[in-house]
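Some notes on the structure that comes next.
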Amino acid sequence: MTYVSFRYKIFVSKRYIRAVDVEMMNELYILGELMENPKTAYRLRQSMQVSLGRHRKISFGVIYPLFERLEKEGYIRLIMQNDNKQSTKTAIITKKGEARFMNLMHTPVPEGAHTDDIFQIKLDSMQHLPLVDQQNLLDQYMNEQMAIVDDCQIELKHLKRHKHKDHWYASQIMQLRLRQAQEKQQWIQEFKTALQKNRGF
């Protein structure tokens with residue numbers, strides 16, 4: 001295992017790790033959305049792109065195979081509906097799917113390129129968890145931000161030791177990442193305070 005800056009890890013099996021992270025992210029998102037109400041593949045694709053970022057393209061080539069796998073494993077049921085002379089499949093979560101969703105919500109977030117995406121998907125769906133588990137999830141996200149802040153500060157100290165043009169530009173980007181992590185820390189604190197005050201929604 002080799003460590004590079006900003007907490008990225010390179011594994012010999014990094015392609016496998018990345019595929020597992022993406023699969024977990026997609027499955028968690030779909031099951032979380034279906035915990036709210038039944039949805040079509042079109043609606044899930046649309047909301048997923050908005051949630052993960054406007055430049056993140058989610059194709060039906062991702063959604064439909066995942067639908068089929070989730071149905072095969074008993075996590076969802078697919079219902080054919082005719083709307084305006086067009087057949088569409090609506091996904092409905094099953095009891096087994098709800099149990100799978102809860103299992104994924106309690107699974108530790110893997111470190112990698114999709115760490116923040118998975119955290120944000122969990123945060124978006126955490127209303128289905130007991131209040132104590134919601135607080136724990138926010139604590140985990142806080143720990144992630146604290147680690148990023150520590151890494152940024154260490155890197156900034158290293159960059160300041162030598163006055164080079166490339167180091168100056170690198171330090172500006174590192175300052176941006178530091179501020180983003182600090183903003184998230186403040187948001188987490190405010191969210192935790194609101195949860196404690198309101199005892200959830």
Worksheet item: Given the conditions (1) in the same structural domain as GLN189 (by the TED database); (2) at pLDDT below 95; (3) charged (D, E, K, R), which single one is not true for ASP117?
Response: (1)
Worksheet entry | Subset of segment 27-37 [touching a residue at least 12 places away in the same chain (Cβ under 8 Å) and either in a helix (DSSP H, G or I) or of a type in the set (Asp, Glu) (or both)] | GLU27, LEU28, TYR29, ILE30, LEU31, GLY32, GLU33, LEU34
Response to the item:
Within segment 146-201, restricting to residues that are assigned to a loop (DSSP other than H, G, I, E, B) and in contact (Cβ under 8 Å) with a residue 60 or more places away in the chain, the one that is surrounded by the most Cβ atoms within 10 Å (Cβ to Cβ) is GLY200
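Filter segment 38-73 down to residues that are among the acidic types (Asp, Glu) and not in a loop (DSSP other than H, G, I, E, B) and give me whichever is surrounded by the most Cβ atoms within 10 Å (Cβ to Cβ).
Residues of segment 38-73 among the acidic types (Asp, Glu): 68, 71, 73.
Narrowing the set further to residues that are not in a loop (DSSP other than H, G, I, E, B) leaves 68, 71.
Working: GLU68: 13, GLU71: 16.
Restricting to residues being among the acidic types (Asp, Glu) and not in a loop (DSSP other than H, G, I, E, B), the top hit is GLU71.
Just checking, how many residues over segment 112-145 are in contact with a helix residue (DSSP H, G or I) (Cβ under 9 Å, 6 or more places away or on another chain) and outside any helix (DSSP H, G or I)? Let's see the steps before the verdict.
Going through segment 112-145, the residues in contact with a helix residue (DSSP H, G or I) (Cβ under 9 Å, 6 or more places away or on another chain) turn out to be 112-129, 131, 133-135, 137-142, 144-145.
Next, from what is left, pick out any that are outside any helix (DSSP H, G or I): 112-114, 129.
Looking only at that region, the number is 4.
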Practice prompt. Can you tell me which residue within segment 22-63, out of those that are polar (S, T, N, Q) and under 23 Å from ILE79 (Cα atoms), is modelled with the lowest pLDDT?
Written response: SER59
Response to the item:
When restricted to ASP133, ASP117, the only residue farther than 21 Å from GLU23 by Cα and either touching a Lys or Arg at 6+ places or on another chain (Cβ under 6 Å) or of a type in the set (Asp, Glu) (or both) is ASP133
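The values are calculated or read from the model by the stated rules, or taken from the named source; none is laboratory data. Only a predicted model underlies this, so the values are computations on that prediction, with no experimental measurement involved. Virtual Cβ from ideal backbone geometry, glycine too; neighbours counted across all protein chains shown.
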